[in-house]
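Each remark here refers to the structure printed beneath this line.
The values are calculated or read from the model by the stated rules, or taken from the named source; none is laboratory data. Treat the numbers as computed from the prediction; the structure is a model and nothing was measured. Cβ placement follows ideal geometry from the backbone for every residue including glycine, while neighbour counts extend to all protein chains displayed. When the accessible area is computed, the model is the full protein with side chains, heavy atoms only, and any ligands, DNA or RNA have been set aside. Shrake-Rupley method; radii C 1.70, N 1.55, O 1.52, S 1.80 Å.
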Amino acid sequence: CSESEQILARQSLAGQCHYVGSYCSNEVLGICTSRGYTYCCFNSKLARIIQEQGRAQLGIPFGAAESPDCRGLTPEEIEQIDFARIDFSEFYADAYAAAEAVTKPGTTELQQLIQQRIQEKFP
């Protein structure tokens with residue numbers, strides 16, 4: 001994989017990309033021999049969610065696969081978005097999972113913590 005394909009894979013796994021579509025990237029004698037796939041990727045999952053749902057509210061498409069419109073939203077466009085209508089559940093799920101991972105010690109950490117407490121009580 002090329003470096004750009006590796007970056008796309010990482011961003012896609014992180015939920016930062018919106019799939020725009022596919023197109024014929026190579027044609028021989030009128031037959032498509034290769035397809036290209038187009039994505040718009042953003043700096044975060046939250047940015048992607050706002051782009052997808054905000055654009056839907058504003059009627060701003062991502063364009064065609066061969067000529068995507070991956071631009072950011074202008075401040076004026078952002079002001080027009082009704083954020084109460086945006087479904088942030090995907091973002092919240094990640095935030096809750098990250099918070100749980102920080103606050104809940106793993107098995108190894110828990111064993112170390114118990115050992116430390118025992119040593120403090122019974123030197």
Of everything in region 56-77, what is open to solvent by less than 70 Å² (accessible area, probe 1.4 Å) and out of contact with any Asp or Glu (no Cβ under 9 Å at 6 or more places or on another chain)? Give them in sequence order. Gly59, Ala64, Ala65, Pro68, Asp69, Cys70, Gly72, Leu73, Thr74, Glu77
Kindly establish whether Ser22 is of a type in the set (S, T, N, Q), open to solvent by less than 80 Å² (accessible area, probe 1.4 Å) and modelled with pLDDT under 95. no
Can you tell me how many residues within region 48-71 are among the small types (Gly, Ala, Ser) and within 20 Å of Ser4 (Cα to Cα)? 2
Name the residue, out of Gln80, Gln16, Gln111, Gln115, that is surrounded by 10 or more Cβ atoms within 10 Å (Cβ to Cβ) and touching a Phe, Trp or Tyr at 6+ places or on another chain (Cβ under 8 Å). Gln16
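Working only within region 18-54, note down all residues that are charged (D, E, K, R) and in contact (Cβ under 8 Å) with a residue 24 or more places away in the chain.
Lys45, Arg48, Glu52
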For the structure I just gave you, tell me whether Cys40 is touching a His at 6+ places or on another chain (Cβ under 9 Å), open to solvent by 40 Å² or more (accessible area, probe 1.4 Å), under 25 Å from Asp94 (Cβ atoms) and at pLDDT 95 or above. no
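Going residue by residue through region 105-117, is there one that turns out to be touching a residue at least 24 places away in the same chain (Cβ under 8 Å) and either charged (D, E, K, R) or farther than 23 Å from Ala9 by Cβ (or both)? Please lay out each step first, then the result.
Looking only at region 105-117, we keep the residues that are touching a residue at least 24 places away in the same chain (Cβ under 8 Å), and these are none.
There is no residue in region 105-117 that is touching a residue at least 24 places away in the same chain (Cβ under 8 Å) and either charged (D, E, K, R) or farther than 23 Å from Ala9 by Cβ (or both).
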